[in-house]
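Report on the structure given below.
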Amino acid sequence: MVTLTGNNIYLRALEPEDLEFVYRIENNEVLWEVSYTQTPYSRFLIRQYLENAHQDIYEAKQLRLAICRRGSFTALGLIDLFEYDPANARAGVGIIIANENDRGNGLGAEALGLVIKYAFNTLHLHQLYANIDTGNIASTALFTNFGFTLSGIKQQWNRRGNLWKDEALYQLINNQ
(Lines give C-alpha, C1' and ligand atoms only; values in the text may rest on other atoms or scores of the structure.)
Protein backbone atom coordinates (compact mmCIF):
# COMPACT_ATOMS: atom_id res chain seq x y z
CA MET A 1 0.00 0.00 0.00
CA VAL A 2 1.33 3.43 -0.96
CA THR A 3 1.08 5.92 1.83
CA LEU A 4 2.52 9.36 2.00
CA THR A 5 1.12 10.00 5.44
CA GLY A 6 3.17 10.06 8.61
CA ASN A 7 2.35 10.69 12.25
CA ASN A 8 2.39 14.48 11.98
CA ILE A 9 2.51 15.29 8.28
CA TYR A 10 1.41 14.08 4.90
CA LEU A 11 2.72 14.69 1.40
CA ARG A 12 0.38 15.73 -1.38
CA ALA A 13 0.52 16.73 -5.02
CA LEU A 14 0.75 20.41 -5.78
CA GLU A 15 -2.54 22.18 -6.43
CA PRO A 16 -3.41 25.50 -8.13
CA GLU A 17 -3.98 26.92 -4.64
CA ASP A 18 -0.24 26.50 -3.98
CA LEU A 19 0.66 29.25 -6.46
CA GLU A 20 1.53 31.92 -3.89
CA PHE A 21 3.41 29.46 -1.67
CA VAL A 22 5.55 28.18 -4.55
CA TYR A 23 6.01 31.76 -5.80
CA ARG A 24 7.37 32.85 -2.39
CA ILE A 25 9.77 29.90 -2.20
CA GLU A 26 11.03 30.19 -5.77
CA ASN A 27 11.59 33.94 -5.41
CA ASN A 28 13.25 33.87 -2.00
CA GLU A 29 16.82 34.87 -2.88
CA VAL A 30 18.15 33.27 0.30
CA LEU A 31 17.00 29.89 -1.05
CA TRP A 32 18.49 30.40 -4.50
CA GLU A 33 21.79 29.15 -3.15
CA VAL A 34 20.41 25.66 -2.62
CA SER A 35 18.18 25.54 -5.70
CA TYR A 36 20.73 26.80 -8.25
CA THR A 37 18.32 29.57 -9.22
CA GLN A 38 19.63 32.94 -10.35
CA THR A 39 16.52 34.64 -11.67
CA PRO A 40 13.04 35.24 -10.29
CA TYR A 41 10.04 33.29 -11.51
CA SER A 42 6.82 35.01 -12.54
CA ARG A 43 3.43 33.94 -11.30
CA PHE A 44 2.62 33.13 -14.94
CA LEU A 45 5.49 30.60 -15.17
CA ILE A 46 4.61 29.05 -11.82
CA ARG A 47 0.95 28.80 -12.86
CA GLN A 48 2.07 26.97 -16.02
CA TYR A 49 4.25 24.68 -13.91
CA LEU A 50 1.32 23.90 -11.61
CA GLU A 51 -0.92 23.22 -14.60
CA ASN A 52 1.58 20.58 -15.74
CA ALA A 53 2.17 19.15 -12.27
CA HIS A 54 -0.20 16.31 -13.19
CA GLN A 55 2.64 14.69 -15.15
CA ASP A 56 4.03 11.73 -13.29
CA ILE A 57 7.70 11.26 -12.50
CA TYR A 58 8.18 9.17 -15.63
CA GLU A 59 7.13 12.07 -17.88
CA ALA A 60 8.50 15.04 -15.97
CA LYS A 61 11.66 13.33 -14.56
CA GLN A 62 10.84 15.01 -11.26
CA LEU A 63 8.24 14.93 -8.53
CA ARG A 64 7.49 17.83 -6.21
CA LEU A 65 5.23 17.27 -3.24
CA ALA A 66 3.84 19.68 -0.67
CA ILE A 67 4.54 18.93 2.99
CA CYS A 68 1.44 19.55 5.13
CA ARG A 69 0.49 19.01 8.75
CA ARG A 70 -2.12 16.29 9.18
CA GLY A 71 -5.57 17.86 9.21
CA SER A 72 -4.45 20.89 7.20
CA PHE A 73 -4.19 21.61 3.47
CA THR A 74 -1.66 24.43 3.94
CA ALA A 75 1.82 23.64 2.62
CA LEU A 76 4.69 24.02 5.10
CA GLY A 77 7.40 23.02 2.66
CA LEU A 78 8.30 21.09 -0.44
CA ILE A 79 10.15 17.85 -1.04
CA ASP A 80 11.45 16.99 -4.49
CA LEU A 81 12.70 13.99 -6.34
CA PHE A 82 14.65 15.45 -9.26
CA GLU A 83 16.87 14.30 -12.10
CA TYR A 84 14.98 11.02 -12.07
CA ASP A 85 17.01 8.53 -14.08
CA PRO A 86 14.98 5.36 -14.75
CA ALA A 87 17.81 3.62 -16.61
CA ASN A 88 20.03 3.82 -13.53
CA ALA A 89 17.19 3.75 -10.98
CA ARG A 90 18.22 6.88 -9.13
CA ALA A 91 17.03 10.38 -8.29
CA GLY A 92 18.18 13.39 -6.36
CA VAL A 93 16.21 14.49 -3.32
CA GLY A 94 15.81 17.98 -1.91
CA ILE A 95 13.69 19.45 0.85
CA ILE A 96 12.73 22.87 2.13
CA ILE A 97 10.64 23.84 5.12
CA ALA A 98 9.56 27.40 4.33
CA ASN A 99 9.16 28.94 7.78
CA GLU A 100 12.13 28.94 10.13
CA ASN A 101 9.77 28.37 13.08
CA ASP A 102 8.73 25.03 11.53
CA ARG A 103 12.33 23.84 11.10
CA GLY A 104 14.09 21.59 13.55
CA ASN A 105 10.98 19.91 14.92
CA GLY A 106 10.99 16.73 12.85
CA LEU A 107 8.68 17.72 9.98
CA GLY A 108 11.47 17.54 7.40
CA ALA A 109 12.70 14.24 8.81
CA GLU A 110 9.23 12.75 8.64
CA ALA A 111 8.83 13.96 5.03
CA LEU A 112 12.23 12.58 4.04
CA GLY A 113 11.39 9.21 5.59
CA LEU A 114 8.14 9.03 3.62
CA VAL A 115 9.89 9.93 0.34
CA ILE A 116 12.64 7.38 0.90
CA LYS A 117 10.06 4.62 1.43
CA TYR A 118 8.11 5.78 -1.64
CA ALA A 119 11.26 5.97 -3.80
CA PHE A 120 12.49 2.52 -2.82
CA ASN A 121 9.24 0.59 -2.40
CA THR A 122 7.03 2.14 -5.09
CA LEU A 123 9.42 3.60 -7.67
CA HIS A 124 11.92 0.77 -7.07
CA LEU A 125 14.88 3.12 -7.13
CA HIS A 126 18.30 1.73 -6.36
CA GLN A 127 19.62 4.97 -4.91
CA LEU A 128 18.86 8.50 -3.82
CA TYR A 129 21.40 11.29 -3.63
CA ALA A 130 21.59 14.74 -2.13
CA ASN A 131 23.91 17.63 -2.92
CA ILE A 132 24.57 19.60 0.27
CA ASP A 133 26.69 22.68 0.90
CA THR A 134 29.43 21.55 3.27
CA GLY A 135 28.47 24.37 5.64
CA ASN A 136 24.84 23.25 5.90
CA ILE A 137 25.05 21.34 9.17
CA ALA A 138 21.28 20.89 9.57
CA SER A 139 20.85 19.26 6.14
CA THR A 140 23.92 17.11 6.63
CA ALA A 141 22.53 15.85 9.95
CA LEU A 142 19.08 15.22 8.44
CA PHE A 143 20.36 13.12 5.55
CA THR A 144 23.04 11.22 7.49
CA ASN A 145 20.44 10.30 10.13
CA PHE A 146 18.64 8.41 7.35
CA GLY A 147 21.78 6.55 6.31
CA PHE A 148 23.01 8.79 3.49
CA THR A 149 26.79 8.53 3.33
CA LEU A 150 29.33 11.02 2.07
CA SER A 151 30.59 9.96 -1.35
CA GLY A 152 32.74 12.96 -2.13
CA ILE A 153 33.31 16.67 -1.99
CA LYS A 154 33.01 18.82 -5.10
CA GLN A 155 35.53 21.52 -4.28
CA GLN A 156 34.76 25.16 -5.04
CA TRP A 157 31.63 23.91 -6.79
CA ASN A 158 29.25 26.82 -6.25
CA ARG A 159 29.95 30.52 -6.47
CA ARG A 160 28.21 32.80 -3.99
CA GLY A 161 29.23 36.34 -4.83
CA ASN A 162 33.00 36.39 -4.55
CA LEU A 163 33.17 33.14 -2.57
CA TRP A 164 33.46 29.58 -3.79
CA LYS A 165 31.74 26.93 -1.69
CA ASP A 166 32.29 23.19 -1.57
CA GLU A 167 29.38 20.84 -2.12
CA ALA A 168 29.12 17.35 -0.68
CA LEU A 169 27.50 14.43 -2.48
CA TYR A 170 25.60 12.07 -0.19
CA GLN A 171 24.11 8.78 -1.38
CA LEU A 172 21.66 6.29 0.03
CA ILE A 173 21.82 2.89 -1.64
CA ASN A 174 18.79 0.60 -1.50
CA ASN A 175 20.28 -2.80 -0.71
CA GLN A 176 16.95 -4.60 -0.36
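The values are calculated or read from the model by the stated rules, or taken from the named source; none is laboratory data. Everything quoted here is computed from the prediction, not taken from an experiment. Note: ideal-geometry Cβ built from the backbone for every residue, glycine included; neighbour counts use all protein chains shown. Surface areas here come from the heavy atoms of the whole protein model, side chains and all, with no ligands, DNA or RNA. Shrake-Rupley method; radii C 1.70, N 1.55, O 1.52, S 1.80 Å.
Quick one: how many Å² of residue 63 are accessible to a 1.4 Å probe, rounded to 10?
Taking all protein chains as shown, residue 63 has close to 40 Å².
How long are the semi-axes of the ellipsoid equivalent to the range 91-176, from square roots of 5 times the Cα gyration tensor eigenvalues, in whole Å, largest first?
That gives 23, 18, 10 Å for the three semi-axes.
On the accessible surface of the range 36-110, probed at 1.4 Å, how many percent belong to carbon and sulfur atoms?
Accessible surface attributable to carbon and sulfur in the range 36-110 totals 48 percent.
More than 18 angstrom separation, counting every C-alpha pair in the chain; what % is that?
63
Quick check on the range 64-104: what does the Kirkwood estimate of hydrodynamic radius come out to from the alpha carbon pairs, in Å?
11.6
Can you work out the accessible area per residue across the chain, with the rest of the protein chains kept in place, probe 1.4 Å, in square angstrom?
Using a 1.4 Å probe on heavy atoms only, each residue of the chain averages 59 Å².
Residue 72 label point, 7 Å along Cα→Cβ, cut-off 14 Å on backbone N: hits in the range 104-118?
104-108
How long are the semi-axes of the ellipsoid equivalent to the range 43-130, from square roots of 5 times the Cα gyration tensor eigenvalues, in whole Å, largest first?
One finds semi-axes of 22, 18, 11 Å for the range 43-130.
Would you work out the relative contact order for the chain, in percent, from Cα pairs under 8 angstrom that are 6 or more residues apart?
Relative contact order for the chain comes out at 18 percent.
For residue 165, which aspartates and glutamates qualify as cross-link partners when the Cα separation must be under 13 Å and same-chain residues fewer than eight apart are set aside?
Qualifying aspartates and glutamates at Cα under 13 Å: 33, 133.
Between 144, 39, 74, where does the largest GNM mean-square fluctuation fall for the chain, given springs only between Cα atoms within less than 10 Å?
39
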